[in-house]
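Structure, as structure tokens:
The values are calculated or read from the model by the stated rules, or taken from the named source; none is laboratory data. All values derive from a computational prediction rather than experimental measurement. Please note: Cβ atoms are built from the backbone with ideal geometry, for glycine as well, and neighbour counts cover all protein chains shown.
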Amino acid sequence: MKKDFTKIFRSRYPLINNDAIQNPDVLKEEGNIIDLVDEKGNFLAKGYYGIQNKGRGWVLSFNQNEVIDQAFFEKKIKVALTERKALFEDPDTTAFRVFNGGGDGIGGLIIDYYDGYYVMSWYSEGIYKFKEYVIQSLTNAGDPRGIYEKKRFDSKGTYIEDDDFVTGERASFPLIVKENGIKFAIYLNDGAMVGVFLDQRDVRQTIRDKYANGKSVLNTFSYTGAFSVAAALGGATKTTSVDLANRSKAKTIEHFSINEIDYEAQDIIVEDVFHYFKYAVKKQLAFDMVILDPPSFARSKKHTFSAGKDYPELLKQAISITNNNGVIVASTNCSTFGMKKFKSFIEKAFKETGGKYSILEEYSLPSDFKTSKDFKEGNYLKVVFIKKIN
Ligand code: SAH
């Protein structure tokens, strides 16, 4: 490790950044176990070599004598499963995260649980080399009906299209899971995304239980309509879901239907959100609740959206179609800025529209998305409930 970087590993930083490596030529095959040493050869940490964005692998242990084998993986996975015991025992929640990468001690590996089925996500060719250890651990400790996987390490670091079934029983789809009683239709073998983002569980519950009743709700970047369903179940007078992707409409109808909500009483619109805002302003539409959950970065035909740059502008548009005393739920999964900066975006947007606001509540990742204090970037989710005052 270069001199400037030895300190961060001594304070237990887990990501092996490309810039930290003095002699990258020694890295041969992804999946190799490597020792990180300082300039004098003193041991710093032990990890694996795997290419993931700017990372070249993850620290697995700060103990020189630790052996990285089946038992190591199984121990980490067992601890993680035990920590999710309350979720496994909750009959109203059958989908959640059981292993969250570095937060649970193995960077580059994520495991989600969908009613008996596990989905392993591999973020590098390197971590993928440990596949048999992980399958064995889940089989020994997790009582799987079946196991699926997502290989997220093509040359651009994205998903590799494949048959994602690995072992056990194949599930029949849609697999209906529950989250605090809300049903979701899950497809484990249909590309990178399975139908719901599990990290918003607490936010969906809050919308349903505390904010939706009697309210008109606009859900932008709605994907499969999960927030709309939560709002409708919470007594929203009407929901409007807007997403650019064609597939979002059928998926949203399906989600309303399995929750016994009449989808024809809801609006489901396939359109660019920025175009919809213009339309809404022109038609003088206004909502009691506006949900914003854009991707960190997106390019549509007319628009490039980058959360770190354009979020204030997005908020301004939302403010213009939110009723007084209405609520804006602003969410971002962008890991390049933190809550403080996100709040400065909110401040900026209200300042420029000349309105007042108060922050009602804030959320970050739920407890099953375990993060490490040594790797702050892992705690990416920021959700703020904002009340528009006038
Ligand atoms: N809020 C969703 C997740 C959003 S994922 C949920 O809770 O499940 C981001 C979504 O934004 C994707 O479905 C993508 O199709 C959509 N999207 C990206 N750019 C868009 C744009 N300009 N207008 C509308 N939708 C967009």
Return a yes/no flag: does the stretch 155-166 have any residue that is under 24 Å from A245 (Cβ atoms), crowded, with 20+ Cβ neighbours inside 10 Å and more than 17 Å from the chain's Cα centre (by Cα).
yes
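Report the residue count in the stretch 222-267 for those that are more than 10 Å from the ligand (Cβ to nearest atom) and under 16 Å from D293 (Cα atoms).
Quick first cut of the stretch 222-267, residues more than 10 Å from the ligand (Cβ to nearest atom) only: 231-240, 249-250, 253-254, 256-267.
Checking which are under 16 Å from D293 (Cα atoms) leaves us with 231, 239-240.
Number of matching residues: 3.
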Any chance D19 is loosely packed, with under 13 Cβ neighbours inside 10 Å, outside the structural domain of K131 (by TED's automatic domain parsing) and either of a type in the set (D, E, K, R) or modelled with pLDDT under 95 (or both):
yes
Candidates K40, K3, K28, K46 - the one that is more than 26 Å from the chain's Cα centre (by Cα), surrounded by 13 or more Cβ atoms within 10 Å (Cβ to Cβ) and more than 19 Å from A141 (Cα to Cα):
K46
Picked from the stretch 279-310 (must be under 18 Å from the mean Cα position of the chain (by Cα) and buried (at least 17 other Cβ atoms within 10 Å of the Cβ)), the residue nearest to the ligand (Cβ to nearest atom) is D293
With the first residue restricted to the stretch 336-365 and required to be free of Cβ contacts under 8 Å to residues at least 60 places away in the same chain, and the second required to be of a type in the set (K, R) and surrounded by 14 or more Cβ atoms within 10 Å (Cβ to Cβ), Cβ contacts under 6 Å at 6 or more apart or on different chains are M339/K382; F342/K382; A349/K316; T353/K316; Y357/K388; S358/K387; L360/K387
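Quick check on my filter: what residues within the stretch 230-253 are surrounded by fewer than 19 Cβ atoms within 10 Å (Cβ to Cβ) and not in a loop (DSSP other than H, G, I, E, B)?
Step one: of the stretch 230-253, the residues surrounded by fewer than 19 Cβ atoms within 10 Å (Cβ to Cβ) are 235, 237-238, 245-247, 249-250, 253.
Passing the criteria: K238, R247, K249, A250, I253.
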Output the number of the condition that Y276 fails; it satisfies all remaining conditions of (1) within 15 Å of the ligand (Cβ to nearest atom); (2) touching a Ser or Thr at 6+ places or on another chain (Cβ under 8 Å); (3) over 13 Å from N219 (Cα atoms); (4) among the hydroxyl-bearing types (S, T, Y).
(3)
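Filter the stretch 175-206 for residues that are assigned to a helix (DSSP H, G or I) and not charged (D, E, K, R); which is nearest to the ligand (Cβ to nearest atom)? Let's see the steps before the verdict.
Our first condition is that a residue be assigned to a helix (DSSP H, G or I); within the stretch 175-206, this holds for 198-206.
This time we only want the ones that are not charged (D, E, K, R), so: 198, 200, 203, 205-206.
Values: L198: 10, Q200: 5, V203: 8, Q205: 13, T206: 13 Å.
Going through the qualifying residues, I end up with Q200.
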Just one listed residue, out of D154, D143, D209, is on the phi < 0 side of the Ramachandran plot, more than 16 Å from the ligand (Cβ to nearest atom), without any contact (Cβ under 8 Å) to a residue 60 or more places away in the chain and not assigned by TED's automatic domain parsing to the domain that holds I258, and it is D154
Could you grab me the full set of residues in the stretch 317-333 that are closer than 13 Å to T353 by Cβ and within 16 Å of the ligand (Cβ to nearest atom)?
Q317, A318, I321, I328
